[in-house]
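Read through the structure below, which is laid out as C-alpha cells, and then see the notes.
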Amino acid sequence: MVMKWIEDDLRLIDAQQRLRALNPIDRRVGMSVHSQTHALCLFSSNDYLGLSQHQAVRDAVSQEAQRNGQGIRGAALICGHSSAHEALESDLAHLKGTENALLMPTGYQANVGLLSALGTEETTIFSDALNHASIIDGCRLSKAKIRVYRHRDMTHLEDLLRTDTAKRRVVVTDEVFSMDGHRAPLVELAKLKESYGFILITDSAHSTGVFGTHGAGLVEAAGITEAVDFQVGTLSKSIGAQGGFVATSTSARTWLLNRARAFIFSTALPTPTVSGARAAIRVMAEESEHVESLWNRVTQLCKALRIPPSGPIVPVIVGRESDAMTLSASLWRSGFHVPAIRPPTVPDGTCRLRIALSALHQSADVDQLIAALNDNRP
Ligand SMILES: *Cc1c(COP(=O)(O)O)cnc(C)c1O
C-alpha cells in the first residue's frame, strides 16, 4: 500500500497540473520516432550531431559488446577502469585542450562530484542563477557558502566577489544555458578571474560538438581554455552516448578521483559505451558535414522565427503555462514532439516551447514544424 503522504503529494502535484508521466518513444530512422499512438518527428533530443545513430558508432559499440560484454563490473578505483577508459580520457583531454580528463558515470555526477568535493567550509561558490540542476545539486551537497549571481550579470558577480572574503572561491557556469540557449559571457569571466583569482568551472553539456573550431565548445570559441580550471562535460548530448567527464590538469584529476564521492562510489561506464563515444569523437573530427547541417537547420528555423541564431536550442516563449501546454499538445497531434517548459524549470510567465535541432533533421522537417507552429499558435 502506498503511504498516505505519497498519495497526498501526488494529489497536490496533480491539482497544480504539474503531474508528469513517462511516454514510451521508440526510434525509427533519424529523428523520426514512434509514440504509442503515432509517428513523430523529434524536436526534443540532445543528439545535436546525430552521432547516436552513426554507422561508425554502431559498429564500435557492437564490436566491443561482442568482445567484452556489457557491464564493467565495478567502480573505476576497484576494477572498472580499462585501457579503453584511459584512451577515451585522453581523447577528451585532446579535444578540450587540457592535460587530462576523468570519466564520470554521468554529467550530472560530474557536477555533483566536482562541486561537492571543492566546496569545503572555507569555500564560496558563485553560481549563475540559471545553471543546470546538477550544478545546483552539487552546490547543495557541498559545505560551501553559495552566492547566486543574476543570469549572465558580470556586474553583480563582481559585486559579490568584491565583498566576499572566503579563502577559496569558485565560479561555475553553464557554457550554453539549457533552457534558453543563451551563451555565458566567458571572456568577461576570464577577465574577472584575473582580477579576483577564483577557480573557474564551465559546463559544456550543450556546447561540445556545436561551437569551436574543433567542436570543443564555447571555451574554445572564446579562446579562454587556459583560464578554465575544470571543463565539465557529458557524453550524452553531441557525443550521442552516455556518461560524463571533467577535463582538467593531471594533478586536479588525481585530486578528483580521490575526493569526488559521485565518482568513487558509482560503477564506471560500460566499455561498449566508451568505444561508441570514442568513435563519435573521431567522426566529429573527420566529418564536418554534421555540424554544418546542424547550423543550416538552426539558421533556417531562426530566420523563420525572426530571432538571431544562437545555437541548436531554440526557445519559443509563449508566456502562460496553459498556452504552452496546449501548443505542445497540438504539435504532438500534428506529429512533432516539442516539449513545453514550465515552472519550476523556468520562471512563472515565461513558459515556452523548447525546440532542439539536430543534424538529422531534414530541411523539410523544419519547414513543416514552422507551418505547424504558425497554425497552432495561440
Ligand atoms: C544534460 C546536462 C547535464 C547532465 O548530463 P548527463 O550526462 O545527462 O547526466 C549537466 N549539465 C548540463 C548543463 C546539462 O544540460
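The values are calculated or read from the model by the stated rules, or taken from the named source; none is laboratory data. Note that this is a predicted model, so its numbers are computed, not measured. FYI the Cβ positions are ideal-geometry reconstructions off the backbone, even for glycines, and counts take in every protein chain you see.
Can you confirm whether residue 31 is within 16 Å of the ligand (Cβ to nearest atom) and aliphatic (A, V, I, L, M)? It is false that residue 31 is within 16 Å of the ligand (Cβ to nearest atom) and aliphatic (A, V, I, L, M). Taking region 19-48 as the range and being farther than 22 Å from residue 345 by Cβ and either surrounded by fewer than 14 Cβ atoms within 10 Å (Cβ to Cβ) or outside the structural domain of residue 358 (by TED's automatic domain parsing) (or both) as the test, the residues that pass are 24, 26, 27, 28, 29, 34, 36, 37, 38, 39. In region 126-155, the residues that are within 13 Å of residue 201 (Cα to Cα) and free of Cβ contacts under 8 Å to residues at least 60 places away in the same chain reach residues that are assigned to a helix (DSSP H, G or I) and away from the ligand (no atom under 11 Å from the Cβ) with C-beta atoms within less than 6 angstrom, at least six apart or across chains, in these pairs: 127/139; 138/115; 138/116; 139/115.
Flag: residue 363 matches the condition of being modelled with pLDDT of 95 or more and surrounded by fewer than 15 Cβ atoms within 10 Å (Cβ to Cβ).
Of all residues in region 228-241, at least one satisfies being in the same structural domain as residue 131 (by TED's automatic domain parsing) and more than 16 Å from the ligand (Cβ to nearest atom).
Restricting attention to region 150-184, the residues being outside any strand (DSSP E or B) and either under 16 Å from residue 226 (Cα atoms) or among the polar types (S, T, N, Q) (or both) number 5.
Conditions tested, residue by residue: (1) assigned by TED's automatic domain parsing to the domain that holds residue 136; (2) touching a strand residue (DSSP E or B) at 6+ places or on another chain (Cβ under 9 Å).
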| site | (1), (2) |
| --- | --- |
| 269 | yes, yes |
| 292 | no, no |
| 305 | no, yes |
| 324 | no, yes |
| 332 | no, yes |
| 335 | no, yes |
| 340 | no, yes |
| 354 | no, yes |
| 364 | no, no |
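In this structure, is residue 94 over 27 Å from residue 297 (Cα atoms) and without any contact (Cβ under 8 Å) to a residue 60 or more places away in the chain? Spelling it out, residue 94 is indeed over 27 Å from residue 297 (Cα atoms) and without any contact (Cβ under 8 Å) to a residue 60 or more places away in the chain.
Filtered by the rule that a residue be surrounded by fewer than 20 Cβ atoms within 10 Å (Cβ to Cβ) and either small (Gly, Ala, Ser) or without any contact (Cβ under 8 Å) to a residue 12 or more places away in the chain (or both), region 263-288 gives 266, 285, 286, 287, 288. What do you reckon, is residue 158 in contact with a helix residue (DSSP H, G or I) (Cβ under 9 Å, 6 or more places away or on another chain), away from the ligand (no atom under 16 Å from the Cβ) and not aromatic (Phe, Trp, Tyr)? So residue 158 passes the test. When region 94-118 is limited to residues that are surrounded by fewer than 23 Cβ atoms within 10 Å (Cβ to Cβ) and more than 15 Å from the ligand (Cβ to nearest atom), the one that is farthest from residue 223 (Cα to Cα) turns out to be 117. Selection of region 124-139 for residues being near the ligand (Cβ under 9 Å from one of its atoms), of a type in the set (S, T, N, Q) and either under 17 Å from residue 169 (Cα atoms) or in a loop (DSSP other than H, G, I, E, B) (or both) yields only 131. Before we move on, is residue 190 within 16 Å of the ligand (Cβ to nearest atom) and in the same structural domain as residue 231 (by TED's automatic domain parsing)? Taking the combined requirement at face value, the residue does not satisfy it.
In region 240-260, the count of residues that are under 29 Å from residue 298 (Cα atoms) and surrounded by fewer than 22 Cβ atoms within 10 Å (Cβ to Cβ) is one or more.
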